[in-house]
Amino acid sequence: MKILVTGGAGFIGSAVVRHAIAQGHEIVNLDALTYAACLDNVALVADDPKYAFEQVDIRNRAALDTVFAKHTPDAVMHLAAESHVDRSIDGPADFIETNITGTFNLLEAARAFWEGQGRPDTFRFHHISTDEVFGSLGATGQFTESTPYDPNSPYSASKAASDHLVRAWAETYGLPVVLTNCSNNYGPFHFPEKLVPVVILNALAGKDIPIYGKGDNVRDWLYVEDHADALLTVLQKGELKRSYNIGGENEAQNVEIVKMICAILDEKRPKDAPYADQITYVADRPGHDQRYAIDPTRIATELGWRPSVTLQEGLELTVQWYLDNEDWWRALQNRSGVGTRLGTKA
Ligand SMILES: NC(=O)c1ccc[n+]([C@@H]2O[C@H](COP(=O)([O-])OP(=O)(O)OC[C@H]3O[C@@H](n4cnc5c(N)ncnc54)[C@H](O)[C@@H]3O)[C@@H](O)[C@H]2O)c1
């Protein structure tokens, strides 16, 4: 299958690109190369004859038409997005333009291409979204695919809007779509502004390890390589017009994640004092959702997919990857906003 992956130079998109090439698919990686992108993430496959790269912004409709005409993909996996909640609080405009208008452009370019090909029912538009569209849970319950949308941040609201557009393009124009809503990812190549890499890198640098609020916010953590595997499963086996929730079966409070990482570092890179001594509680994020939890029943029972690693195993792999790949993360630490507290302007 020839797959057009948008956002393939980002964290999750690059994992999808690496997995898809390994499975024998042809890949066209379309990415604007924003601050969050890094082509080193796909260096392993960049010389593969099955791989092509197009530096294109999804806000540019004409450029998207050119890519579809040139590469004639069998499927689209749409991951390109502005993805950092804290940045969406300080500057929501980019999130509206890329996540909503950009998705609209991509849907229209895909529809024009698909209609021009005679509307093949084998074509797929796979929209990759987040569990944050469902809002915040209390102490109990889990998000299912029929949980009402209730987004709270500019990021999650923009992703919710894009999900609605994708559904509408399926219902109105018959575009063959599948959707996925996934929980928090972690793993190799995670940009150093997100919680897990911030904890690892601040710990190693001897800096404060910041925890927002009381650190009791709960997320359902999924190893990124498992997410990539789940996405390729849904693309190939998912039912048309159906959405699938993807979770790691690994709920944990932020403070628990931080302490697990510190304990792993105590083992792998011991020093005089425990890394947990560097933990510092800082002002909470405005509108910080309390708890997300995924009910993975649909993807498990209908598609036979389950995560392959536990949170402890995934965090050990992740910490080891950061210890082994200092050149990768050092090069990204100069990028705008990295290492500073964002998302306090509300
Ligand atoms: N990270 C998570 O925990 C998580 C969880 C669930 C869903 N998601 C979704 O998965 C997708 C990928 O997330 P990620 O964490 O890999 O994000 P990321 O920020 O690491 O990567 C996003 C990529 O999109 C590209 N991009 C941004 N704007 C673009 C534009 N206008 N045109 C073309 N390319 C553009 C960037 O250059 C970057 O390479 C997003 O849609 C996100 O909403 C993420």
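Just so it is clear, none of the values below were taken in a lab; they were calculated from the coordinates. In this text the structure is predicted, and so the values were computed from the model without any measurement. So basically every Cβ, Gly included, is an ideal-geometry build from the backbone, and we count neighbours across all protein chains shown.
If a/c stays under 1.5 just call it rounded; otherwise compare a/b with b/c (prolate if a/b is bigger, oblate if not). Do that for segment 222-288, with a ≥ b ≥ c from the square roots of the Cα gyration tensor eigenvalues. Verdict is oblate for segment 222-288.
Segment 1-94: which trypsin sites (Lys or Arg not before Pro) are DSSP loop and have at most 15 other beta-carbon atoms within 10 angstrom? Write out the running numbers ahead of the final one.
On the way: sites: LYS2, ARG18, LYS50, ARG59, ARG61, LYS70, ARG87; in loops: LYS50, ARG59.
Taking segment 1-94 and a limit of 15 other Cβ atoms within 10 Å, the loop trypsin sites (Lys or Arg not before Pro) found are LYS50.
The H on the amide N of VAL76, modeled in the peptide plane, is under 5 Å from the matching H of LEU4, ARG124, PHE125, HIS126, each at least 5 residues off or on a different chain.
Would you mind estimating how fast segment 1-113 diffuses translationally, via Stokes-Einstein at 37 °C and 0.692 mPa s with the Kirkwood radius over Cα pairs, in µm²/s? Kindly include the intermediate steps, with their values, before the conclusion.
Working: Rh = 14.1 Å.
Translational diffusion coefficient: 233 µm²/s.
So, in nm, how far is label ALA93 from label ARG61 when the simple model puts each one 7 Å beyond its Cα toward the Cβ? Result for the modelled spin labels: 2.1 nm. For the chain, modelled as a GNM whose springs connect Cα atoms under 10 angstrom apart, the maximal fluctuation among GLY213, GLY247, GLY116 occurs at GLY116. Taking one quarter of the surface of the convex hull spanned by the alpha-carbon atoms of segment 63-134 gives a direction-averaged projected area of 5.6 nm².
Two decimals, Cα atoms only, Kirkwood Rh: what is Rg/Rh over the chain?
A ratio of 0.95.
Using a ≥ b ≥ c from the Cα gyration tensor of segment 99-173 (square roots of the eigenvalues), is it rounded, prolate or oblate, where a/c under 1.5 gives rounded and otherwise the larger of a/b and b/c decides, a/b for prolate?
Working: a/c = 3.57, a/b = 2.13, b/c = 1.68.
Verdict is prolate for segment 99-173.
Would segment 142-195 count as rounded, prolate or oblate if I go by the C-alpha gyration tensor, calling it rounded below 1.5 in a/c and otherwise prolate when a/b exceeds b/c, oblate otherwise?
Working: a/c = 2.09, a/b = 1.76, b/c = 1.19.
Prolate, because a/c is 1.5 or more and a/b exceeds b/c.
Dividing the alpha-carbon Rg of segment 229-343 by 2.2 N^0.38 Å yields what?
Details: Rg = 18.2 Å, N = 115, 2.2 N^0.38 = 13.4 Å.
Its radius of gyration relative to the 2.2 N^0.38 Å reference: 1.36.
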